[in-house]
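Just so it is clear, none of the values below were taken in a lab; they were calculated from the coordinates. Computed from a prediction, not measured in an experiment: that's the story for all the values here. When we count neighbours, we look across all protein chains shown, and the Cβ atoms used for this are built from the backbone with ideal geometry, even at glycine.
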Amino acid sequence: MVNNLKSGVFLYEPEPAAGVDINFYRLKSESGIVGKPNPEMYTNIACFGDNFMAAKRPDWVSVSANGPSLRTNKRYNLRWDVVCMTNPEAREYNLKIIAESAKTTPGISISSQHFADQGFCTCPRCIEKQRKSGLSWVDWRAKTVTDFLAEVKEIVPDKPLYVNILPDPLLGRTRFGYDFDAMADYTDYFVIPMFSKAYPTPWYWETIARGFKSVLKKPFFVNFYVRGPNETWDTVAPANQIMTVATRVARQGVDGIIFLAEKAEYIHEFQRRAVADTKTREFLKGHGGDEVLELFNCWEKMQKA
Ligand SMILES: [Zn+2]
């Protein structure tokens, strides 16, 4: 829609929003509940972040010296429960959902296709696999993540594959098993979630974007939080903060910007608010993120049509 910068939305319901290039539907979010693919929308699948399976199959949950990968473990900032990624049943389960989705939808996005965090997973299977590999702990974890990605790419051969990676450009390898260079071989686009309920300090997000720009060998998108499930407009960032952070991050050379909302209706409301905020649009001129301002212009035209 806008020259070089792509735009997208990341939705929890299979109804597309207007005014963006790509609609992602969270067919399987970290809640673990699986919906039905919409052939008009790209499909997002959270792989090993899976609250449902973690509750149903406690024996699948990933473990560490500092406890399990559950939201209740306060030693970590886990936003969802995580099952062990070397569990063959968990792998099969997710690969099947990905393969089915790839048959009917125009693109695939995967999330939480990696280890829970530093120190995971020390289940007997993972310990044994690392020992047999002859690799160091960190190298084995990175290879495990890359190998899973290669398996995904194989079942999504002719559709774009978007790979979400948590926003740590520095220690991603030690924490999650990200080998960015190796992953780039199987990834068409990386996506960096930049979720927050407030964006009063865009400087930090811009720093993260700059870091990723310097290390990733494939195009990357960022994803901003507009209004997720269980929110009201009062519990999330005002439109002007999101408009500002998007413009500031865009000038670091990101290839696309995605907006997360529970449903299309909230995206449309955000678009109305952004268009109406002429003061912020005027202020953001000259920042070097003109493609985002162009996107607001497109939304304005769309609303007038
Ligand atoms: Zn394990």
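In whole percent, what relative contact order does the chain give with Cα contacts below 8 Å and a gap of six or more residues? Over the chain, the number comes to 18 percent.
For a 20 Å ceiling on Cα separation, which of these pairs sit above it: LYS96/LYS159; LYS129/LYS159; LYS213/LYS285; LYS218/LYS285; LYS197/LYS263; LYS6/LYS159?
On the way: LYS96/LYS159 16 Å; LYS129/LYS159 31 Å; LYS213/LYS285 23 Å; LYS218/LYS285 28 Å; LYS197/LYS263 17 Å; LYS6/LYS159 17 Å.
From LYS96/LYS159; LYS129/LYS159; LYS213/LYS285; LYS218/LYS285; LYS197/LYS263; LYS6/LYS159, over 20 Å: LYS129/LYS159; LYS213/LYS285; LYS218/LYS285.
For the stretch 114-161, rounded, prolate or oblate, judged on the Cα gyration tensor with a ≥ b ≥ c (square roots of eigenvalues), a/c < 1.5 rounded, else prolate if a/b > b/c? Cα axes put the stretch 114-161 in the prolate bin. Computed from label points 7 Å out along Cα-Cβ, the spacing between ASN297 and ASP188 is 2.8 nm. Taking the Cβ of LYS6 as the center, what net charge do the other residues with Cβ under 10 Å away carry, scoring Lys and Arg +1 and Asp and Glu -1? Once positives and negatives cancel, what remains is -3.
To the nearest 0.05, how large is the calculated FRET efficiency for ALA198 and LYS159 if R₀ is 41 Å and r is the Cβ-Cβ distance?
Details: r = 35 Å, r/R0 = 0.86.
About 0.70, to the nearest 0.05.
Give the range of the longest stretch in the chain that excludes all chymotrypsin sites (Phe, Trp or Tyr not before Pro) found in loop regions by DSSP and having at most 16 other beta-carbon atoms within 10 Å. All intermediate terms of the calculation are to be shown ahead of the outcome.
Numbers: sites that count: PHE195, TRP233.
Answer from the scan: 1-194.
By its C-alpha gyration tensor, with a ≥ b ≥ c as the square roots of the eigenvalues, how is the stretch 177-305 shaped: rounded for a/c under 1.5, else prolate for a/b larger than b/c, else oblate? It is prolate, given that a/c is not under 1.5 and a/b is the larger ratio. Give, in nm to one decimal, the length gained when the segment between LYS56 and ARG125 is fully stretched (0.36 nm per residue of separation minus the Cα-Cα distance). Between LYS56 and ARG125, full extension yields 22.9 nm more.
Run the dipole for the stretch 47-187 about the Cα centre, Lys and Arg Cβ at +1, Asp and Glu Cβ at -1, nothing else charged, and hand back the magnitude in debye, nearest 20. Before the final figure, lay out the partial values.
On the way: 19 positive and 17 negative charges, 92 e Å.
Computed charge dipole of the stretch 47-187: roughly 440 debye.
Normalised by the number of residues in the stretch 215-295, the mean separation of alpha-carbon contacts (under 8 Å, six or more apart) gives a relative contact order of 39 percent.
Simple point charges give the picture: +1 on the Cβ of Lys and Arg, -1 on the Cβ of Asp and Glu, and for the chain a dipole about the Cα centre of about 560 debye.
The dipole here belongs to the stretch 216-305: it is taken about the Cα centre, uses +1 on the Cβ of Lys and Arg and -1 on the Cβ of Asp and Glu, and is about 220 debye.
Once the other residues with Cβ under 14 Å from the Cβ of LEU95 are scored (Lys, Arg +1; Asp, Glu -1), what is the net sum? Don't skip to the answer; put the middle values down first.
Numbers: positive: LYS28, ARG91, LYS96, LYS103, LYS153; negative: ASP50, GLU89, GLU92, GLU100, ASP147, GLU151, GLU154.
Result for the local shell: -2.
Model label sites at ILE33 and ASP181, defined 7 Å from Cα along the beta-carbon direction, differ in position by 4.3 nm. Along the axis of the charge dipole computed for the stretch 115-187 (Cβ charges of +1 for Lys and Arg, -1 for Asp and Glu, origin at the Cα centre), the listed residues THR187, PHE120, PHE176 are led at the positive end by PHE120. The gain in end-to-end length when the TRP137 to LYS217 segment is fully stretched comes to 26.3 nm, 0.36 nm per residue minus the alpha carbon separation. Counting charges near ILE208 (Lys, Arg +1; Asp, Glu -1) among other residues having Cβ under 13 Å from its Cβ returns a value of +1.
Taking the empirical scaling 2.2 N^0.38 Å for compact globular proteins as reference, the stretch 47-187 has a Cα radius of gyration ratio of 1.00.
Which ordering of VAL63, VAL191 is given by a fewest-first count of other beta-carbon atoms within 10 Å?
On the way: VAL63 19, VAL191 23.
Ranked by crowding around the Cβ, least crowded first: VAL63, VAL191.
Comparing ASN38, TRP80, ALA18 along the charge dipole axis of the stretch 1-90, the residue lying farthest to the positive side is TRP80, per the Cβ-charge model.
Restricting the calculation to Cα atoms, the chain yields a radius of gyration followed by a Dmax of 19.2, 63 Å.
Annotation for LEU170 and LYS96: the two label points, set 7 Å from Cα along the Cα-Cβ direction, are 4.2 nm apart.
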